[in-house]
Amino acid sequence: MNTPFDCRLSRPGVVCSLGDELETVARALFAGERSLSVSDAFTPGRPLPLGRVTCELPDDSAWPKGQRSRNNRLLALALERLGESLDALLTRVPAERIGVVIGTSTSGIGETELALAESGRDGPLPESFAYSRQELGAPARFVAERLGLRGPCYALSTACSSSARALASARRLLRSGQCDAVIAGGADSLCRLTVNGFASLDAVSEEPCQPFSRRRSGINLGEAATLFIVTPEAGGIQLAGVGESVDAHHISAPRPDGSGAVEAMHQALAMAGLQPDEVDYLNLHGTGTPLNDRMEAAAITSLFGSPPACSSTKALTGHTLGAAGALEAAFCWLTLRYGRLPRHVYDGEYDPEIPALPLVTSDAKPARAPRCALSNSFAFGGNNASLLLSLNA
């Protein structure tokens with residue numbers, strides 16, 4: 001039986017294609033504004049809609065060579081957007097008691113791609129190349145080194161559930177007493193490896209994606225960084241429950257019956273001591289692929305019976321892969337903070353062959369301000385994670 005545990009999520013630092021100022025992101029989120037741009041930068045000759053970050057990122061030219069990557073520039077801006085909360089944390093909590101957990105799947109591989117393109121098949125790698133920045137632990141090391149932190153520091157890479165699991169891990173570090181605070185979240189940047197990888201699986205859409213539509217044909221990819229300060233404090237917006245499961249059905253396809261997804265959602269509810277009918281909003285994994293949307297709709301209706309209001313925000317930002325879990329947790333944080341529901345944007349033609357979900361298709365304020373939100377992240381290999389956020393007085 002789970003005993004109550006306070007786990008507060010700070011105001012998040014968010015950088016995504018919707019913007020880097022939280023109020024700007026919130027306005028676009030609730031209005032349902034797509035922020036995709038068409039480019040063949042990663043797939044020459046094949047233009048694709050992508051959720052690219054267009055705001056100015058910090059200059060990394062003076063950073064150590066091993067830190068210079070787009071991933072780290074995204075993280076540096078997300079750290080800036082934590083603002084006064086971060087300043088106060090560094091003042092009041094010793095560096096050895098602050099942990100860092102970052103979810104990622106790309107790390108600095110984009111810079112390695114550029115180095116290989118410059119060197120060619122047989123030439124030496126350029127002097128600017130640093131292998132260490134493509135290691136999966138590089139983003140976590142970057143955050144710790146940038147802030148001078150000496151607590152536990154590591155990265156998680158479980159594909160699309162990476163940063164959701166990073167937040168779950170932060171909660172465990174606090175509950176075990178290993179940390180007094182954890183900076184947790186995720187970052188992934190667009191690169192050829194991921195865009196072409198998903199294209200090779202026939203998983204990308206050449207049009208803006210249509211989650212849960214009868215005409216859905218795949219995902220749009222995006223990039224983002226999102227960070228929270230996670231502390232064992234009461235009040236505010238709480239990470240009240242986490243659920244994790246691995247169904248290992250297939251290397252990329254979800255388990256059709258959704259049992260692993262159900263288990264993750266059930267664990268999150270049980271940890272929070274809540275019943276399904278107490279959830280006010282559900283942020284869908286909602287990739288827009290035929291198999292994922294069918295599985296998720298079946299899993300949700302199996303657990304909830306009458307599901308709460310739902311939406312997939314990947315139609316707005318693209319699928320940000322290792323950053324998606326933390327980014328969509330931030331969207332749930334905004335939902336609870338502003339009492340509004342993120343809009344589900346698609347062609348309006350719901351797939352009649354999958355269980356019906358109550359999608360949020362307008363920006364009207366709900367009749368009752370939401371106090372509990374659940375966010376799903378379902379990844380390759382059946383790595384499932386669900387996060388339950390609640391608003392406490």
message: Here's a check for you: in the stretch 161-191, which residue that is out of contact with any strand residue (DSSP E or B) (no Cβ under 8 Å at 6 or more places or on another chain) and assigned to a loop (DSSP other than H, G, I, E, B) is farthest from Thr3 (Cα to Cα)?
response: Cys191
message: If I ask for residues that are at positive phi and either surrounded by fewer than 16 Cβ atoms within 10 Å (Cβ to Cβ) or in contact with a Pro (Cβ under 7 Å, 6 or more places away or on another chain) (or both), which ones from the stretch 188-222 would you list?
response: Asp202
task: Please list, ordered by first then second residue, the pairs with beta carbon atoms under 7 Å, 6 or more apart or interchain, first in the stretch 364-391 and closer than 16 Å to Ala324 by Cα and assigned to a strand (DSSP E or B), second at pLDDT 95 or above and among the basic types (Lys, Arg).
output: Ala385/Arg165
- prompt: When you go through Ala261, Ala248, Ala225, Ala234 one by one, which is the residue that is in contact (Cβ under 8 Å) with a residue 40 or more places away in the chain, outside any helix (DSSP H, G or I), among the aliphatic types (A, V, I, L, M) and crowded, with 22+ Cβ neighbours inside 10 Å?
  reply: Ala225
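Do you know which of the residues in the stretch 94-127 that are in a helix (DSSP H, G or I), small (Gly, Ala, Ser) and surrounded by 13 or more Cβ atoms within 10 Å (Cβ to Cβ) is farthest from the chain's Cα centre (by Cα)? Outline the logic, then answer.
As a first pass, look at the stretch 94-127 and keep what is in a helix (DSSP H, G or I): 95-97, 109-119.
Add one more test, that the residue is small (Gly, Ala, Ser), and what stays is 95, 110, 115, 117, 119.
This time we only want the ones that are surrounded by 13 or more Cβ atoms within 10 Å (Cβ to Cβ), so: 110, 115, 119.
Details: Gly110: 19, Ala115: 28, Ser119: 34 Å.
This residue is Ser119.
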- request: Name, by its number, the condition in (1) more than 11 Å from Leu284 (Cβ to Cβ); (2) out of contact with any Lys or Arg (no Cβ under 6 Å at 6 or more places or on another chain); (3) modelled with pLDDT of 95 or more; (4) among the hydrophobic types (A, V, I, L, M, F, W, C) that does not hold for Ile300.
  value: (1)
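Among the residues of the stretch 82-93, which ones are out of contact with any Ser or Thr (no Cβ under 9 Å at 6 or more places or on another chain), part of a helix (DSSP H, G or I) and not hydroxyl-bearing (Ser, Thr, Tyr)?
Let us first name the residues in the stretch 82-93 that are out of contact with any Ser or Thr (no Cβ under 9 Å at 6 or more places or on another chain), namely 83-84, 87-88, 90-92.
Adding the requirement that they be part of a helix (DSSP H, G or I) leaves 84, 87-88, 90-92.
Residues satisfying the conditions are Glu84, Asp87, Ala88, Leu90, Arg92.
Okay, residues lined up against (1) in contact with an Asp or Glu (Cβ under 9 Å, 6 or more places away or on another chain); (2) at pLDDT 95 or above:
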{"position": "Thr3", "(1), (2)": "no, no"}
{"position": "Cys7", "(1), (2)": "yes, yes"}
{"position": "Ser10", "(1), (2)": "no, yes"}
{"position": "Gly13", "(1), (2)": "yes, yes"}
{"position": "Ser17", "(1), (2)": "yes, yes"}
{"position": "Leu22", "(1), (2)": "no, yes"}
{"position": "Leu29", "(1), (2)": "no, yes"}
{"position": "Asp40", "(1), (2)": "no, yes"}
{"position": "Pro58", "(1), (2)": "yes, yes"}
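Identify, from the list Ala272, Ala253, Ala268, Ala240, the residue that is buried (at least 23 other Cβ atoms within 10 Å of the Cβ), of a type in the set (A, V, I, L, M) and within 23 Å of Phe380 (Cα to Cα). It would help to see each step written out before you state the result.
Values: Ala272 fails: within 23 Å of Phe380 (Cα to Cα); Ala253 fails: buried (at least 23 other Cβ atoms within 10 Å of the Cβ); Ala240 fails: within 23 Å of Phe380 (Cα to Cα).
The conditions single out Ala268.
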statement: Reported set for the stretch 275-323 where residues are crowded, with 23+ Cβ neighbours inside 10 Å, of a type outside the set (A, V, I, L, M) and in a loop (DSSP other than H, G, I, E, B) is His285, Gly286, Thr287, Gly288, Thr289, Ser312, Thr313, Gly318, Thr320
In the stretch 142-160, the residues that are touching a residue at least 60 places away in the same chain (Cβ under 8 Å) and within 23 Å of Ala130 (Cα to Cα): Phe142, Val143, Glu145, Arg146, Leu147, Ser157
- prompt: If you take the residues in the stretch 357-379 that are polar (S, T, N, Q) and buried (at least 24 other Cβ atoms within 10 Å of the Cβ), which one is farthest from Gly258 (Cα to Cα)?
  reply: Ser375
query: With (1) surrounded by 19 or more Cβ atoms within 10 Å (Cβ to Cβ); (2) assigned to a loop (DSSP other than H, G, I, E, B) as the list, and Asn71 as the residue in question, which single condition is left unmet?
result: (2)
message: Among the residues of the stretch 192-217, what is the count of those that are touching a Leu at 6+ places or on another chain (Cβ under 9 Å) and outside any strand (DSSP E or B)?
response: 10
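The values are calculated or read from the model by the stated rules, or taken from the named source; none is laboratory data. Values in this document were obtained by computation on a predicted structure and should not be read as measured data. Heads up, the Cβs are rebuilt from the backbone with ideal geometry, glycines too, and the neighbour counts pull from every protein chain shown.
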